[in-house]
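The values are calculated or read from the model by the stated rules, or taken from the named source; none is laboratory data. Being a predicted model, the structure only gives us computed values, none of them experimental. All Cβ positions, glycine included, derive from the backbone under ideal geometry; neighbour counts span all protein chains shown.
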Amino acid sequence: MAQIIPVNFRDDILPEYRGTPVERLLEYHNLGRAIGAAQAPQLLIGMCMDSRKSLRIPNDFAFVLRTAGANMRDNEFRISYAIAVGGVRTIVLIAHTDCGMARLGERREQFIRGLMDAAGWDEARATKHFEDSAPKFGIRDEVEFVLREAERLRDIYPRIHVVPLLYRVEDDLLYQLRPGGDDAG
């Protein structure tokens with residue numbers, strides 16, 4: 001089971017993140033670090049499109065790519081652009097609690113009916129779209145998914161620091177994640 005590690009004080013930030021853009025992200029968002037002017041993006045943040053999440057960061061501090069469930073599949077060109085042209089060397093993937101992609105199967109009928117009513121699709125087309133796409137975008141567990149997605153991106157970009165985090169919508173704070181382990185840090 002993954003460790004979920006809170007950041008309530010500067011000393012809570014894991015040693016591997018100190019002196020990095022990840023440390024500054026955690027300080028800005030969780031610890032109220034003063035928002036100054038960033039000179040250039042320091043990282044790429046991949047996070048869910050869920051409207052309940054908002055990060056407290058300066059303008060120009062990060063490229064932000066929002067997709068359902070923080071699933072970065074089919075976004076590799078955008079990520080590559082941020083690395084090759086934007087100069088980022090750190091990617092932060094942020095999953096969040098209570099993610100709709102973790103309960104996608106429960107919303108099958110709502111999804112189909114919504115496309116029929118709002119978009120004018122017929123039932124067969126809406127059903128096919130759900131059936132074709134749900135396996136690619138649905139996730140079982142937010143934390144385990146973001147840990148796997150971080151590993152996938154590390155394989156693609158071996159020189160880029162890829163960090164998984166968790167946003168708890170219950171308290172609007174970011175949490176550090178570590179795969180496996182028994183104690184909570």
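Of all residues in the stretch 56-78, count the ones that are closer than 23 Å to Glu151 by Cβ, in contact with a His (Cβ under 9 Å, 6 or more places away or on another chain) and part of a loop (DSSP other than H, G, I, E, B).
Residues flagged as closer than 23 Å to Glu151 by Cβ, in contact with a His (Cβ under 9 Å, 6 or more places away or on another chain) and part of a loop (DSSP other than H, G, I, E, B) within the stretch 56-78 amount to 0.
Pairs under 6 Å by beta carbon, first residue over 19 Å from Ile5 (Cβ atoms) in the stretch 94-106, partner aliphatic (A, V, I, L, M) and in a helix (DSSP H, G or I), six or more apart or different chains?
From the stretch 94-106, the pairs are Met101/Ala68; Leu104/Ala134.
Taking into account only those residues within the stretch 81-132 that are among the hydrophobic types (A, V, I, L, M, F, W, C) and exposed (fewer than 15 other Cβ atoms within 10 Å of the Cβ), which is farthest from Val64 (Cα to Cα)? Please lay out each step first, then the result.
Taking the stretch 81-132 as the starting set, the residues that turn out to be among the hydrophobic types (A, V, I, L, M, F, W, C) are 82-85, 88, 91-95, 99, 101-102, 104, 111-112, 115-116, 118-119, 121, 124, 126, 130.
Checking which are exposed (fewer than 15 other Cβ atoms within 10 Å of the Cβ) leaves us with 84-85, 118-119, 124.
Working: Ala84: 16, Val85: 15, Ala118: 28, Ala119: 28, Ala124: 35 Å.
In this case the residue turns out to be Ala124.
Tell me, yes or no, whether the stretch 24-36 has at least one residue that is among the hydroxyl-bearing types (Ser, Thr, Tyr), without any contact (Cβ under 8 Å) to a residue 40 or more places away in the chain and surrounded by 17 or more Cβ atoms within 10 Å (Cβ to Cβ).
Going residue by residue through the stretch 24-36, those that are among the hydroxyl-bearing types (Ser, Thr, Tyr) are 28.
Still in the list and also without any contact (Cβ under 8 Å) to a residue 40 or more places away in the chain: 28.
Those left that are additionally surrounded by 17 or more Cβ atoms within 10 Å (Cβ to Cβ): 28.
Within the stretch 24-36 (the criterion being among the hydroxyl-bearing types (Ser, Thr, Tyr), without any contact (Cβ under 8 Å) to a residue 40 or more places away in the chain and surrounded by 17 or more Cβ atoms within 10 Å (Cβ to Cβ)), the answer is yes, since at least one residue qualifies.
Would you mind stating whether Val169 is loosely packed, with under 15 Cβ neighbours inside 10 Å, over 24 Å from Glu27 (Cα atoms) and of a type in the set (Val, Ile, Thr)? Please lay out each step first, then the result.
On the way: loosely packed, with under 15 Cβ neighbours inside 10 Å: yes; over 24 Å from Glu27 (Cα atoms): no; of a type in the set (Val, Ile, Thr): yes.
It is false that Val169 is loosely packed, with under 15 Cβ neighbours inside 10 Å, over 24 Å from Glu27 (Cα atoms) and of a type in the set (Val, Ile, Thr).
Please tell me if Leu104 is aliphatic (A, V, I, L, M), on the phi < 0 side of the Ramachandran plot and under 16 Å from the mean Cα position of the chain (by Cα). Show your work before the answer.
Values: aliphatic (A, V, I, L, M): yes; on the phi < 0 side of the Ramachandran plot: yes; under 16 Å from the mean Cα position of the chain (by Cα): no.
Here the answer is no, as Leu104 does not meet what is asked.
Look through Pro21, Pro41, Pro15 and report the one residue that is crowded, with 16+ Cβ neighbours inside 10 Å, closer than 17 Å to Thr90 by Cα, in the same structural domain as Arg78 (by TED's automatic domain parsing) and free of Cβ contacts under 8 Å to residues at least 60 places away in the same chain. Walk me through how you get there before you give the answer.
Values: Pro21 fails: free of Cβ contacts under 8 Å to residues at least 60 places away in the same chain; Pro15 fails: crowded, with 16+ Cβ neighbours inside 10 Å.
Answer to the selection: Pro41.
Do the conditions hold for Leu166, that is, is it closer than 22 Å to Asp50 by Cβ, in the same structural domain as Ile94 (by TED's automatic domain parsing) and touching a Lys or Arg at 6+ places or on another chain (Cβ under 9 Å)?
When the stated conditions are applied, Leu166 does not pass them.
Given (1) over 27 Å from Pro158 (Cβ atoms); (2) touching a strand residue (DSSP E or B) at 6+ places or on another chain (Cβ under 9 Å); (3) not aromatic (Phe, Trp, Tyr), identify the lone condition not met by Gly32.
Status for Gly32: all satisfied but (2).
Could you list all residues from the stretch 73-94 that are among the small types (Gly, Ala, Ser) and in contact with a strand residue (DSSP E or B) (Cβ under 9 Å, 6 or more places away or on another chain)? Spell out how you get there, then give the answer.
In the first step, residues of the stretch 73-94 are kept if they are among the small types (Gly, Ala, Ser); the result is 80, 82, 84, 86-87.
Within the stretch 73-94, Ala82, Gly86 qualify.
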